[in-house]
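Down below is the structure, laid out as structure tokens.
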Amino acid sequence: MDFIYIPLLAAAALLFLSLVLGVFSSRAGFPLLLVFLLAGGLAGEDGPGGYHFDNFPLSFWVGNIALAVILLDGGLRTSFSRFRTGLKPSLLLATLGVVLSAALTGLAAMWLLDLQWQHGMLLGAIVGSTDAAAVFALLNRSGVALNERVGATLEIESGMNDPMAVYLTLAFIGLITAAEAGGGAAAMGLALAQQFGWGTLIGAAGGFAMAALVQRTPVEGAGGGIFGLLLGSAGLGVFALAGLVGGSGFLAVYLFGLVVGNRTQPKVEAALVAMDGYAWLAQAGMFLLLGLLVTPSDMVMTAWPALGVAAVLMFVARPAAVWLCLAPHRFRPNEVWFIAWVGLRGAVPIVLAIFPLMAGVPQAMLLFNVAFAVVLASLLLQGTTISFLARRLGVALPPSGDERQARKVFGDFTLDVAAAIGPVCEFYGLAPPDEPGMPVGEWLARALGRPPVVGDHLERDAATFSVRAMDGPRISAVGLKLGGDA
């Protein structure tokens, strides 16, 4: 029975030590996901563990299942109300933003790695999308609450951008291997429509059907663990069905969780603790396994070009794509810079980098090693600075109950949202508004020119008005700070 107990002991010890180290290191802002990835690398053939592992099909299978569980958990926790501010910008980032990031990164890869244009663009497609596992995990553990516009945009984008990345990856693999499926641009357009169309249809339909079943099922007495298994098995079924018909399983399972979570919220609450455990188990197992795949000694020769690709992605491609996509939506510059920085790369690029290996693409191992280096750089540099930059750029909300910090952010005065803005400005010596009879809350919402969220600020003369509280889409409390920026 040693063939069971020895591998089990090794796997359990590796996971246990990774979790212990991760819990302590996360206090210093070190991403837990990076700990898992590095632990897998240390257990591999170049590390103290010395274990040779190159089972790419198994890693691909585990990675897809793990990502489905993570996206399901993220969808269950996303409120429809967040779509009020996050949907439109997220859709642009998840489509056009991915294309722009992939194209600019691909150009850099062609130059830095001396690749043909098809291989360069394939690498750009592999690392072009943000990673849901990294975004959900690091935002939840960052210790800061982001304003709704920023948080919703990042979460929804990461949940919906995988179809475009998968489509681009498969398209460039097809170009390289000359495996045309029947005709140029028309066929490529149809494939893209299938990815989004079937993924959306099956995810939404499955979500409504599951919500109806949950409403009629006595899940309260079953316990959160069983209910979590019920949701997990249904979500994986939706993921598999969408993939079978040519749709995006990632998009489908995220939408499935979104619909079920919002239509059966009181009942789903009981399963969220269990789902959180499943999601963390999926992340830990996936990152450990992906860490085992890499051989650090093979990455040394391309280390500097790979870091150059990562730098272009983080400092040029992602910011350029974000600024272009968010320009129509009147985000504040500090919000745009933060969203551009939190373009975290994680498991998705590594899983996508397995596609070329399984398809027999020339130089596929080079692409895999570079993608792995990009992920390491992203988690190490971007993942460790989320909390600092959120506070530095002013997109973090004050902790609940911290009145001192709340006054620092929102100001010392709280205004009656029903009071007329004209007398308020006159009392504080501010320039009179165009419509002095308009209520303060309505005036601020109109002056902002975008759906308001808690933490929004509007500077007027020597004062700053801020959104202190919301009641649905309506401003319910306005703060005022005199003598400087909030």
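Express in nm, to one decimal, how much length is gained between Q363 and S387 on full extension, taking 0.36 nm for each residue of separation and deducting their alpha carbon distance.
This chain segment gains 4.9 nm when fully extended.
Per residue and in cubic angstrom, what volume does the convex hull of the Cα atoms of region 351-424 have? Intermediate results must be reported in sequence, preceding the final value.
Details: hull volume 13.8 nm³, N = 74.
Normalising the Cα hull of region 351-424 by residue number yields 187 Å³.
Out of every Cα-Cα pair in region 444-483, what percent are more than 13 Å apart? Can you show the working numbers first?
Values: 344 of 780 pairs.
Result for the distance tail: 44 percent.
FRET efficiency for I65 and K408, Cβ-Cβ distance as r, R0 = 41 Å, nearest 0.05?
Working: r = 45 Å, r/R0 = 1.10.
Calculated transfer efficiency: 0.35.
What's the extension gain from A327 to A418 if we count 0.36 nm per residue and subtract their Cα-Cα distance?
Difference between extended and current length: 29.6 nm.
Quickly estimate the mean residue ellipticity at 222 nm for the chain, helices only: each DSSP H run with n ≥ 4 gives -39500 (n - 2.57), and the total goes over all residues, rounded to 500.
-21000 deg cm²/dmol, from helical runs alone.
Send over the Kirkwood Rh of region 400-486, from the inverse of the averaged 1/r over different Cα pairs, rounded to one decimal Å.
It works out to 12.8 Å.
Based on the inverse mean of 1/r over its pairs of different Cα atoms, what is the Kirkwood hydrodynamic radius of region 235-322, in Å?
The Cα-based Kirkwood calculation yields 16.8 Å.
Please state the relative contact order of the chain as a whole percent: Cα pairs under 8 Å, 6+ residues apart?
Rounded, it is 21 percent for the chain.
A209 label point, 7 Å along Cα→Cβ, cut-off 16 Å on backbone N: hits in region 259-293?
259-260
When a/c is below 1.5 the answer is rounded, else prolate if a/b is larger than b/c, else oblate, so apply that to region 245-288 with a ≥ b ≥ c taken from the square roots of the Cα gyration tensor eigenvalues.
Values: a/c = 4.15, a/b = 1.07, b/c = 3.89.
Oblate shape, in that a/c is at least 1.5 and b/c is the bigger or equal ratio.
What distance in nm separates the simple spin-label points at V273 and W117, each placed 7 Å from Cα in the Cβ direction?
It works out to 5.7 nm between the two label points.
Over region 364-486, what is the relative contact order in percent, taking alpha-carbon pairs closer than 8 angstrom and at least six residues apart? Before the final figure, lay out each step's value.
On the way: 167 pairs, mean separation 28.1, N = 123.
The value is 23 percent.
Quick check: the angle from helix 249-263's long axis to the longest principal axis of the chain, C-alpha only, nearest 10 degrees?
The angle comes out at about 40 degrees.
So what's the gap between the Cα centers of region 317-358 and region 381-414, to the nearest angstrom?
23 Å
Of the peptides 5-17, 241-253, 148-160, how do they stack up when ordered by the mean number of other Cβ atoms within 10 Å, highest first?
148-160, 241-253, 5-17
How many angstrom separate the Cα center of region 241-296 from the Cα center of region 68-141?
Rounded to whole Å, the Cα centres lie 17 Å apart.
Can you compute log10 of I(q)/I(0) for region 333-393 with the Debye formula, treating each Cα as one identical point scatterer, at q = 0.17, 0.18, 0.29 Å⁻¹?
Once normalised to I(0) and log-transformed, intensities are -0.62, -0.66, -1.10.
At 1.4 Å probe size, what's the solvent-accessible area of W117? Round to the nearest 10 Å².
130 Å²
If you take the Cα Rg of region 32-143 and divide it by 2.2 N^0.38 Å, with N the number of residues, what do you get?
Ratio of Rg to 2.2 N^0.38 Å for region 32-143: 1.33.
For region 192-280, which whole percent of the accessible surface, found with a 1.4 angstrom probe, sits on carbon and sulfur atoms?
Details: 2700 of 3850 Å².
Ligands and nucleic acids excluded, carbon and sulfur give 70 percent.
Counting each pair of different Cα atoms once, what's the Kirkwood radius of the chain in Å, rounded to one decimal? Write out the running numbers ahead of the final one.
Numbers: mean 1/r = 0.0420 Å⁻¹.
The answer is 23.8 Å.
So how much slack lies between A303 and S476, counting 0.36 nm per residue of separation and subtracting their Cα-Cα distance, in nm?
57.0 nm
For V478, enumerate residues with amide H under 5 Å from its amide H, sequence gap 5+ or separate chain, H modeled in the peptide plane.
L415, V417, R468
Counting only C-alpha contacts under 8 Å and six or more residues apart, can you give the relative contact order of region 253-376 as a whole percent?
Details: 56 pairs, mean separation 36.7, N = 124.
The value is 30 percent.
Can I get the semi-axes of region 389-444's equivalent ellipsoid? Compute them from the C-alpha gyration tensor as square roots of 5 times the eigenvalues, in angstrom, largest first. Each step should come with its number before you reach the end.
Details: eigenvalues 151, 30, 23 Å².
Semi-axes, largest first: 28, 12, 11 Å.
Rounded to the nearest whole Å³, what is the per residue volume of the convex hull around the Cα atoms of region 100-173? Please report the intermediate quantities before stating the final value.
Details: hull volume 7.0 nm³, N = 74.
Convex hull volume per residue, Cα atoms: 94 Å³.
Find, among the chymotrypsin sites (Phe, Trp or Tyr not before Pro) in region 377-463, those assigned to loop by DSSP (not H, G, I, E, B) with at most 15 other beta-carbon atoms within 10 angstrom.
Here the chymotrypsin sites (Phe, Trp or Tyr not before Pro) that fit, given the DSSP loop and packing criteria, are Y428.
Mind jotting down the three principal axis lengths of region 267-373 based on Cα atoms? Whole angstrom, largest first.
Cα extents, longest axis first: 43, 40, 23 Å.
What angle do you read, to the nearest 10 degrees and between 0 and 90, between the alpha-carbon axis of helix 2-26 and the longest principal axis of the chain?
30 degrees
The values are calculated or read from the model by the stated rules, or taken from the named source; none is laboratory data. Bear in mind the structure is a predicted one, so any value in this text is a computation, not a measurement. We place every Cβ from the backbone using ideal geometry, glycine too, and count neighbours over all the protein chains shown. In case anyone asks, the SASA skips ligands and DNA or RNA and just uses the protein heavy atoms, side chains included. Shrake-Rupley method; radii C 1.70, N 1.55, O 1.52, S 1.80 Å.
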